[in-house]
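See below for the structure under consideration.
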């Protein structure tokens, strides 16, 4: 730095600092502006829906948006509150959550175990490859009727569907994770004296885990879709059941209320999973999470 | 995998008429040398001459097609419990902290966790990384990672240390410091070192002996000589010692010939 530069950069620095202050200010304003706008958009949408379901177009018999087909926000809200009060939501969310969680756990455990075994044995991986590819090409929901016959209409059949869907996802990732373990890391552990079991625990499992966890969100989503669609196809309780039940009774308000509860449920679970993912993959550089 | 092999605790390394053959060609052939315990040997040669393969043979990661490799008087037939390996690439376990990485070796060999942890802390201190125990590898700089790798390799107090261009990715200053620390640590452990490098200056400054290999494929030993410079050395100042230039010139003449051969061959392809 030279002598003439000492006065000049001061003003430049000042200018840039005000510019960055402005940017901060703008960002600060955005932090409020975005959620505020979001609420506004929602309010306009619901307000329009509510209003259009009440006004008639030039003497028509039905309102512009027919509440028989589309229900209306106030009725839906009332139904959700009613369900909250009488325990409908608590009971059915519990059932769906149980099904999704059990499907996720069984599917993951099976997928990891079998993925691991096949990845470690070239022979068995070659033997089973065509079978697994064939099975995987069939949409899992097609198996739903079979599971209904075997396990009945209760939670077991939904768990079976969920397990199957999650199994394939985790299986591929576990298999890939073991196969693609970093060669240098593997050899390093080998020269440090790792036995086969120690290698599996210290190197292969964590390597596979990072692959499995990267698909965690998808797997949880799959397990929930499987549970809900399973319930929708045939069941006696759960969120999918409420929706199917309302549909059968031409109860559009019930269906819409079911959808509202469902989306709130899914958003909550997704949030929990994202948090879990961040915690479990703490060792990964931020860019690759 | 029979890794229950006990250590001989002996740092001698011996290669007898060793050859490695891949499907079509010989990678190396007729390699023989004897390393007494505690000697620091650099293996130098053009790219692709099979330097790293020789380390893999001693580590037991790979078996020779012909000939015999022995460590501490015993033939190497499986992972060699007497050797530690420091790789060129980053080979730390990324899902483990610096401390867990360093204590891995002792743990795998059955040391109780508490003891292993205490020993790992001590080694992290020796490589100057106290306070970095709980960092994951992505939170460490290139030099720090190499320090962790060094502690990880040396904590097992190996009779033989194998190093495959361990410092090639570092900047010159960091590299000089690491080299100096390596010399100090190796001396305290008393390990035999086989050090692969491209860098003649590094080879001469660090080693007791430099083995130059011919260009691959089918490479073999071109020259094998002792570095007759006083010890202990300062790796930077060693370059100004009388005698350094002569050794350098001699090795460089041999290496130049081999590099030119590779160049000529590629041009005629």
Quiz prompt | Euclidean distance of C-alpha centroids, the stretch B:91-149 and the stretch B:219-261, integer Å | solution = 34 Å
Quiz prompt | Exposure proxy order (Cβ contacts within 10 Å, fewest to most) of B:10, B:228, B:82 | solution = B:228, B:10, B:82
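For the stretch B:166-208, take N as its residue count and report Rg(C-alpha) divided by 2.2 N^0.38 Å. Don't skip to the answer; put the middle values down first.
Values: Rg = 10.2 Å, N = 43, 2.2 N^0.38 = 9.2 Å.
Taking N as the residue count of the stretch B:166-208, the ratio is 1.11.
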Quiz prompt | For the stretch B:93-157, projected area of the alpha-carbon convex hull averaged over all directions, nm² | solution = 3.8 nm²
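What does DSSP give for the protein assembly as shown in terms of the percent of beta bridges that are antiparallel, rounded to the nearest 5?
Numbers: 20 of 39 bridges.
The antiparallel proportion sits near 50 percent.
Using the count of nearby Cβ atoms within 10 Å as a rough guide to exposure, how do B:136, A:241 rank from fewest to most?
Working: B:136 19, A:241 22.
Result, fewest neighbours first: B:136, A:241.
Using just the Cα positions, wrap the stretch A:203-282 in a convex hull and report its mean projected area in square nanometres, one decimal place. Could the numbers behind the result be given before it?
Values: hull surface 24.1 nm².
Reported value for the Cα convex hull: 6.0 nm².
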Quiz item: Which number comes out as Rg/Rh for chain A once both Rg and the Kirkwood Rh are worked out on C-alpha atoms?
Solution: 1.15
Quiz item: Using alpha carbon coordinates only, what is the Rg to Rh ratio of chain B, with Rh defined as the Kirkwood radius?
Solution: 0.97
Quiz item: Which order results if B:186, B:49 are arranged by neighbouring Cβ count within 10 Å, fewest first?
Solution: B:186, B:49
Exercise. Could you work out the per residue convex hull volume over the alpha carbons of the protein assembly as shown, in cubic angstrom?
Key: 286 Å³
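Quick note: the coordinates plus some simple rules give every number you see, no bench work behind them. From a predicted model like this one, the values you see are computed outputs, not experimental measurements. For neighbour counting, all protein chains shown are included, and Cβ atoms are generated from backbone atoms with ideal geometry for every residue, glycine included.
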